[in-house]
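Undergrad: Can you read through this structure? Questions will come right after.
The values are calculated or read from the model by the stated rules, or taken from the named source; none is laboratory data. The structure presented is a predicted model; accordingly, all values stated were derived computationally and were not measured. With ideal geometry, Cβ positions are generated from the backbone for all residues, glycine too; neighbour counts draw on all protein chains shown. Each accessible area value is taken on the protein alone, full model and side chains, heavy atoms only, with ligands, DNA and RNA left out. Shrake-Rupley method; radii C 1.70, N 1.55, O 1.52, S 1.80 Å.
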Amino acid sequence: MAEVQRVGEVIEASTTGFTAQCYELYQMPPLGSMVKTGDSSAELYGIVCNAATTSLEPGRRPIARGKDEDSEEAIYRSSPQLAKLLRSEFEALVVGHREGDRLYQRLPPQPARIHGFVYQCPPDEVKDFGKSFDFLNIILNAHLPVPTEELVAASLRRMSQAHDDQRAFLVAAGKELAILLSGNLNQLNAILGRIKL
Amino acid sequence: MTERLGIVVSGSLNKGVEVRLDSSASIEDMAVGRFVTIEGEKRRFFGMITDVSLGVTDQRLSLTPPDVSDPFIAEVLAGTSTFGTLHVSPSLVIGGDAAAILEGPQPVKTIPSHFSAVKLSTQEDVELVFGTEDEKRFFIGNPLDMEVKLCLNLEELVKRSNGIFGKSGTGKTFLTRILLIGMLQKSRAVNLVFDMHNEYGWAGTREGGPPVKGLKQLFSSRVAVFTLDEENSRHRGVSTDGVVRIGYDEIEPDDIALLRQTLNLTDLAVEAVHQLFRRFGRNWIQDTLDLKGAEELPEGLSIHEGTLLNLQRGLATIRRLPFIEPHSPDNAVKAILEHLDRGTNVVLEFGRYRDITAYILVANMLSRRIYAQYQSRMEKASAAAKESLKPRPLVITIEEAHKFLNPEVAGQTIFGTIAREMRKYNVTLLVIDQRPSGIDSEVMSQMGTKITCLLDNDRDIDSVLAGVSGRNELKSVLAKLAAKQQALIFGHAVPMPVAFQPREYGSAQSYRDFVPQKDAEEDIEKLWD
């Protein structure tokens, strides 16, 4: 198996999603990218649906520090503690799980475990996951912190990069969406406008 | 592997089924009249596309169309939010079990279940339904957009009167030639063709091309050409087998009644004809024309002066026809019958006399006498209960049929009788016409098989399709036929209606296809003798 990149650790989990904190500040995976957590017997697949960088202590807001500095990097250089006082975290929407060899695009029986490691999915796995579009229905029906159209479009764009024929993948996904959203033309148009190459 | 077109989504037996097209099938490749197969759960259905339409899942899509200049959006929407639908009327069904396959396709009594796959028919499907070329079946053309031979059972065809319709220039004549060749090769029937425009005997015309060969050139031993106009035939280099002359004394009152319209006779004049015939006998035409006025009429005949003048004017028109003689020495009917009995097809050319008066008069007179002969022979044969005594089936081909078979005269002409009595006396009609609405509806309803090229007059279309099941669907197919070389066939001799493109006629290759090679070689050998 190819080297998989570890991007964080679960700090909050529910059946529909989990939140993970990144080990390094600002090292969160991009919106719409696929991540996974769990062990080899049962893996959960998530799509990054939100990310944030906040102060470590909820009541303590960062203050502006760059008045006398030349560049943004200089701020961090002169205040090295910042990297420890701030944290980056991201939320992932659970869109499927793997049990043994079988991949299911539906909610898992158990949520993710706290402190589970979160990995970026390698392209082969993304491609494998993209063989079915059942996960689109999960995204469309989820309560999301970002607009649904944006997340659907971002995840499809990301996923298409793992495919050799990006266009064919996007057309197939578009057709699936056209069926799912047959009663909601505006949403369909919004998504199609965002995924076209 | 045949291409799947789509799936059945709704429908009824009466109205046919709706088929939603797959996104891979382009609606622009569909065409009404195409032959399709529906794979039901237990049975296979055969039908024809009778309408093509567009659908959207969301009405707003048609109100605010998406940006289709973007090929991506267009491709995504095609087949999902926007889709094509086909209307298919199933006509035949074949069951899946062995017994049903042996039995062959049957008329539909049900429709395929939801989401049955619809495919374009394959060669096997067409052959299953229409059969393959054999000693009875004749290759008449290809179903629309298919490279499969559509075969027609000629033996079955000639059992009924048939019609070929289409407005002028749509290829009726070519189609007729093909059918005549078919009958000549594949059926026992002989043909008597009243060839008004000299198209069938020796050579025929072709729009914007060299003349095409007639029957005599292709099958010289089995076709005899008679002519009314010897001089004209000679000019055209036609070798004729006989000249038809008609004597005044052969014309009977019924013949005049038929010409009432063309000769502009009054009803009273037609009545008077019967009186005059009774009084003067066979020579009545000459005697009537000799009368100087009503006062010269023999005792007991009460004919008004005006009526007599009207009649005399009409009879003078007949007398002016060059092939009419006071007394004809040879018996044309007998000569023609001899040929027919030998199994030789007879084409009667009219030469320059394309006048409708001449055509009606001659066709009616000859047919009546020939029919009378057939009638008496059939009656003798059935009295003796001997199949061998029965005369060969005869097909009489007439053009401009609405002149013979319009509601006013259909009751009087022999053609009306033949059409109604069907094959009782082994005589049937092949009617060629461009105004089927002019033909008596009773006669139309008796026609077994109808082949129609493009018709655009609503009344004509209605009259051709009267009494046919699924006529509304066929109507849309018929109205959309190409102006040339496409036809729709339905009725007795075909298991289901089908639109087709008649086979080629006129090229050297086509002649070779029609005439079996052996005969062609013989012909060439004859040239050297």
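Undergrad: Dipole of region B:47-108, Cα-centred, from +1 at each Lys and Arg C-beta and -1 at each Asp and Glu C-beta, to the nearest 20 debye?
TA: 120
Undergrad: Regarding chain B, what's the average projected area of the Cα-atom convex hull, expressed in nm²?
TA: Mean projected area for chain B: 32.1 nm², to one decimal.
Undergrad: Mark the label point 7 Å from the Cα of A:Glu150 along Cα→Cβ and return the residues of region A:3-33 whose backbone N is within less than 13 Å of it.
TA: A:31-32
Undergrad: Would you please give the FRET efficiency between B:Glu135 and A:Arg102, computed as 1/(1 + (r/R0)^6) with r the Cβ-Cβ distance and R0 = 51 Å, to the nearest 0.05?
TA: 0.25
Undergrad: Among all helices in chain B defined by DSSP H, which have a length of 24 Å or more along the axis from Cα atoms plus a Kyte-Doolittle mean of at least 1.6?
TA: Membrane-span-like by this criterion, though nothing is claimed about a membrane: none.
Undergrad: Under 19 Å from a point placed 7 Å out from the Cα of B:Ala372 along the Cα-to-Cβ direction: which residues of region B:274-290 have their backbone N that close?
TA: Within reach of a label on B:Ala372: B:274-286.
Undergrad: Which one, B:Met30, B:Leu63, B:Ala99, projects farthest toward the positive side of the charge dipole computed for chain B from Cβ point charges (K/R +1, D/E -1)?
TA: B:Ala99
Undergrad: Restricting to Cα pairs below 8 Å that are 6+ residues apart, what does the relative contact order work out to for region B:404-508? Please round to a whole percent.
TA: 22
Undergrad: How far is it, in nm, from the label point at B:Ser476 to the one at B:Ser507 when both lie 7 Å from their Cα along the line to the Cβ?
TA: 3.4
Undergrad: How many angstrom lie between the Cα centre of region B:189-246 and the Cα centre of region B:456-478?
TA: Their Cα centres are 34 Å away from one another.
Undergrad: Multiplying the sequence separation of B:Gln123 and B:Gln261 by 0.36 nm and subtracting their Cα-Cα distance, what value in nm do you get?
TA: 44.7 nm
Undergrad: Could you let me know the centre-to-centre spacing of region B:407-447 and region B:301-331, using Cα atoms, in angstrom?
TA: Here the two parts' Cα centres lie 27 Å apart.
Undergrad: Where the convex hull is taken over the Cα atoms of region A:29-183, what is its projected area averaged over directions, in nm²?
TA: Mean projected area of the Cα convex hull: 12.4 nm².
Undergrad: What FRET efficiency do you get for A:Leu197 and B:Ala483 if R0 is 41 Å and r is their Cβ-Cβ distance, rounded to the nearest 0.05?
TA: My answer for the efficiency is 0.35.
Undergrad: Calculate, for region B:1-132, the solvent-accessible area per residue in square angstrom, rolling a 1.4 angstrom probe over the heavy atoms of the protein chains.
TA: Accessible surface, normalised per residue, equals 50 Å².
Undergrad: Cut-off under 22 Å on the C-alpha distance; same-chain residues fewer than 8 positions from B:Lys172 excluded. Which lysines are left, in chain and number order?
TA: Cross-link targets: B:Lys149, B:Lys159, B:Lys186, B:Lys213, B:Lys216, B:Lys403, B:Lys450, B:Lys475, B:Lys480, B:Lys484.
Undergrad: Let me ask something additional. Near B:Lys42, which lysines are there with a Cα under 24 Å away, not counting those fewer than 8 places off in the same chain?
TA: Correct list for B:Lys42: B:Lys15, B:Lys109, B:Lys119.
Undergrad: Another question about this same structure. Once both labels are modelled 7 Å past Cα along the beta-carbon direction, what's the B:Glu408-B:Ala100 spacing in nm?
TA: Once both label points are built, they end up 5.4 nm from each other.
Undergrad: Taking all protein chains as present, what is the carbon and sulfur share of the accessible area of region B:309-459, in % to the nearest whole number, probe 1.4 Å?
TA: In region B:309-459, the share of accessible area belonging to carbon and sulfur is 47 percent.
Undergrad: Which residue, chosen from B:Gly293, B:Gly306, B:Val273, occupies the Cα position most advanced towards the positive end of the dipole of region B:211-316, where the dipole is computed from +1 (Lys, Arg) and -1 (Asp, Glu) charges on Cβ about the Cα centre?
TA: B:Val273
Undergrad: Run through region B:281-371 and list the GluC sites (Glu not before Pro) located in a DSSP loop whose Cβ has at most 12 other Cβ atoms within 10 Å.
TA: For GluC sites (Glu not before Pro) across region B:281-371 that sit outside H, G, I, E and B with at most 12 neighbouring Cβ atoms in 10 Å, the list reads B:Glu299.
Undergrad: Mind giving me the FRET efficiency for A:Lys67 and A:Glu24? R0 is 25 Å, r the Cβ-Cβ distance, nearest 0.05 is fine.
TA: Given R0 = 25 Å and the Cβ-Cβ separation, E is 0.40.
Undergrad: Rounded to the nearest 10 degrees, what's the angle between the helix A:166-180 long axis and the longest principal axis of chain A, both from Cα atoms, 0 to 90?
TA: Orientation of helix A:166-180: about 70 degrees from the principal axis.
Undergrad: With every protein chain kept in the model, how would you rank A:Ile138, B:Ile398 by accessible area, 1.4 Å probe, largest at the top?
TA: The residues order as A:Ile138, B:Ile398, largest area first.
Undergrad: Run the count for region A:40-197, please: Lys pairs, Cα-Cα under 24 angstrom, 8 or more apart or on different chains.
TA: 6
Undergrad: Now for a different question. Over all Cα pairs of the protein assembly as shown, how is the pair count split among 10 Å bins, expressed in % and running from 0 up to the last occupied bin?
TA: 3, 12, 16, 15, 12, 9, 8, 7, 6, 5, 3, 2, 1, 0, 0
Undergrad: Given Cβ point charges of +1 (Lys, Arg) and -1 (Asp, Glu) and nothing else, what value in debye, to the nearest 20, does the dipole of region B:70-159 about its Cα centre take?
TA: My answer is approximately 320 debye.
Undergrad: Let me ask something else about it. Taking Cα centroids, how far is region A:118-197 from region B:14-71 in Å?
TA: 28
Undergrad: Using all alpha carbons of region B:16-152, what is the percent of pairwise distances in each 10 Å bin, ordered from the shortest bin to the longest?
TA: Final binned percentages: 11, 35, 29, 16, 7, 2, 0.
Undergrad: Still on this structure, please answer the following. Taking region B:109-180, which trypsin sites (Lys or Arg not before Pro) meet the DSSP loop condition and have no more than 14 other C-beta atoms within 10 Å?
TA: Here the sparse-neighbourhood loop sites are B:Lys109.
Undergrad: Can you list the residues of region B:1-45 with backbone N under 18 Å from a point 7 Å past the Cα of B:Thr110, pointing along Cα to Cβ?
TA: B:8-18, B:38-45
Undergrad: Taking the simple approach of a point 7 Å from Cα along Cα-to-Cβ for both B:Glu231 and B:Ser382, what is their distance in nm?
TA: Simple spin-label model gives 4.7 nm for this pair.
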